[in-house]
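This report refers to the structure that appears directly beneath it.
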Amino acid sequence: MSGCLDGKLRIWSTAEKKVVLWNELNNLNKLNTNFITAIGFCQAGKTVAVGTFDGKCILYQTEHLKYYSLINVNSAGRNSKGSKITGIETLNNDENKILITSNDSRVRLYDLRDLSLVCKYRGFSNATVHIKASLSPDDKYIVCGSENKCTYIWRTSYQIPMLTSGRRDRNMYWERIQAHNAIVTCAVFASKPMLIVQNLLQQQQQQTNKQTNENEYQDAQVLVSSAGCDGVLKIYINKQL
């Protein structure tokens, strides 16, 4: 699947090396020209989610690329306008939920079964750059780069004390890493973190000639953070995550 600045969504056959289905976003509104800025398969590949420059997430049925529904990704209020969608990602263990990143410095989790907003994650800065949030393999954490040179991490489900009046559909409880000396354009969790951990343990044992306890790292999460402005790639291990 590919999206383009011409407003056309295309599904390709890798075997035939050609476009087999396509649709045009501008068919939804003849008065406006729109750009596709993010795309993603969801619901086990049965649905295509398309993000646009003006903050719309348009859903299509994959089989015939037929329009299905629309989510306006913006804040509440009469005068609120949608911001460019910079990333769409499906949860690894729940095919009915998608994570949407946008240029209003928000990451939002939606349930496609009723198109409801499950939670909104705040704290990072993303006003102009094309930054996308990513999920850990177990969907327990969200990681995202930021324009302030940091990498931010949220828990997808945060237990707010019952005594507080905090809203459960808002999450501003984050941790961050001063990752780079430039804008962090990409941050992802490793899909198989223990492979990286085992490699690091072997290197450590060779250098120190001491046996390292691998059980200390059983719960370790590994994330890779890269800053596109300085071209540096860094790997972090957080045993306390």
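The values are calculated or read from the model by the stated rules, or taken from the named source; none is laboratory data. None of the values given here were measured: they were computed from a predicted structure. When we count neighbours, we look across all protein chains shown, and the Cβ atoms used for this are built from the backbone with ideal geometry, even at glycine. Each accessible area value is taken on the protein alone, full model and side chains, heavy atoms only, with ligands, DNA and RNA left out. Shrake-Rupley method; radii C 1.70, N 1.55, O 1.52, S 1.80 Å.
Given a cut-off of 29 Å, name the pairs among Lys17/Lys149; Lys8/Lys149; Lys81/Lys132 whose C-alpha atoms lie farther apart than that in the structure shown.
Values: Lys17/Lys149 40 Å; Lys8/Lys149 34 Å; Lys81/Lys132 20 Å.
Check vs 29 Å cut-off fails for Lys17/Lys149; Lys8/Lys149.
Apolar share of the accessible surface for segment 1-123: 48 percent from carbon plus sulfur atoms, 1.4 Å probe. Taking a ≥ b ≥ c as the square roots of the eigenvalues of the Cα gyration tensor, an a/c ratio of 1.5 or more together with a/b larger than b/c marks segment 1-151 as prolate.
Work out the FRET efficiency for Ser13 and Tyr67 from their Cβ-Cβ distance, taking R0 = 25 Å, and round it to the nearest 0.05. Walk me through the numbers before you get to the answer.
On the way: r = 22 Å, r/R0 = 0.87.
The computed FRET efficiency comes out at 0.70.
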